[in-house]
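Below: the structure, in structure tokens.
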Amino acid sequence: MHPNLMIDFYHAQLALAGWSVCDVRGTLGWRVYGRNGENVIDATAATQAEAWRIACERGLLECCEVVVDEGRCAIPRPTRMRPPPSPAPLLRV
């Protein structure tokens, strides 16, 4: 899958979870920084997509705590994120 689609996917996941995030390219690679109230995520990686993946994992684990209600998990931690479906091929008319 194209890296830009993955970055959009990770950004959307964090936004849905209430995070305000941004990225910047520096001398050591890419950095993704975000805040959700008092919580902070900061991820650095060689590629932009990898930095977003790390930030997304950290952000979702930070905000999605397990709530136990009568022995059941009311809000389970995310177990695995699914990437968006591949875009349909363009048809010539």
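Numerical summary
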{"read-out": "Top-ranked residue of the stretch 1-21 - restricted to ones that are in contact (Cβ under 8 Å) with a residue 12 or more places away in the chain and part of a loop (DSSP other than H, G, I, E, B), ranked as farthest from ASN39 (Cα to Cα)", "value": "MET1"}
{"read-out": "Residue list for the stretch 2-41, restricted to those being among the charged types (D, E, K, R), modelled with pLDDT of 90 or more and out of contact with any helix residue (DSSP H, G or I) (no Cβ under 8 Å at 6 or more places or on another chain)", "value": "ARG35"}
{"read-out": "Answer residue from the stretch 19-40, given it is of a type in the set (Val, Ile, Thr) and under 24 Å from HIS2 (Cβ atoms) and is surrounded by the fewest Cβ atoms within 10 Å (Cβ to Cβ) among those", "value": "VAL24"}
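The values are calculated or read from the model by the stated rules, or taken from the named source; none is laboratory data. Here the structure is a predicted model, which is why all the values come from computation and not from measurement. Positions of Cβ are generated from backbone atoms using ideal geometry, with glycine treated the same way; all protein chains shown enter the neighbour counts.
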